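Take a look at the structure below.
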Amino acid sequence: MPYKEKEDLKLYYTIGEVAEKFGVNTSLIRFWEKEFDIIKPKKNKKGNRLFTKEDLDNFYIIYHLVKERGYTLDGAKKKLKENKPDTLNQVEIVRSLTHIRTFLLEIKAHL
């Protein structure tokens, strides 16, 4: 899974950092920003996008629906509008299971 979650204490992330976390191009991040209204980056005086932790979480939801589950953009938008709490629960379950799997693989490697 390309999304690499590390404990960062940063308040804002640049578009390059976000793209690197998900293993995608910056153009895809800009495209998703335009397509999904849940992504609302702040812009500095130069016009550079600054994404918050909440934006990263929303990107993870979009990434999960589009790249991992195979939804179309319209399908992902519809899923988020119709039943966002259920979608959030499913994403959190997948995230938790991924962390558990990683942990178990680390334990296996140390045996």
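Students often get this wrong, so check it: of Lys10/Lys42; Lys46/Lys84; Lys10/Lys40; Lys21/Lys43; Lys10/Lys45, which have C-alpha atoms separated by over 22 Å? Walk me through the numbers on the way to the answer.
Details: Lys10/Lys42 14 Å; Lys46/Lys84 34 Å; Lys10/Lys40 17 Å; Lys21/Lys43 20 Å; Lys10/Lys45 19 Å.
Over 22 Å apart, Cα to Cα: Lys46/Lys84.
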Mean separation of Cα contacts under 8 Å (6+ apart) over length of the chain, as relative contact order % | 19
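Taking the highest mean first, how do the peptides 85-91, 97-103, 35-41 order by number of other beta carbon atoms within 10 angstrom per residue?
Working: 85-91: 13.3, 97-103: 10.9, 35-41: 15.7.
For the peptides 85-91, 97-103, 35-41, the packing ranking is 35-41, 85-91, 97-103.
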Angle between the chain longest axis and helix 84-110 axis [Cα atoms, degrees, rounded to 10] | 40
Return the Cα extents of the range 35-100 along principal axes one, two and three, sorted largest first, each rounded to a whole Å.
-> 39, 30, 20
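No lab work stands behind these numbers, since they all come straight from the coordinates. The shown structure was predicted, so the numbers you read here are calculated from the model rather than taken from an experiment. Using ideal geometry, Cβ is built from the backbone for each residue, glycine included, and neighbour counts are taken over all protein chains shown.
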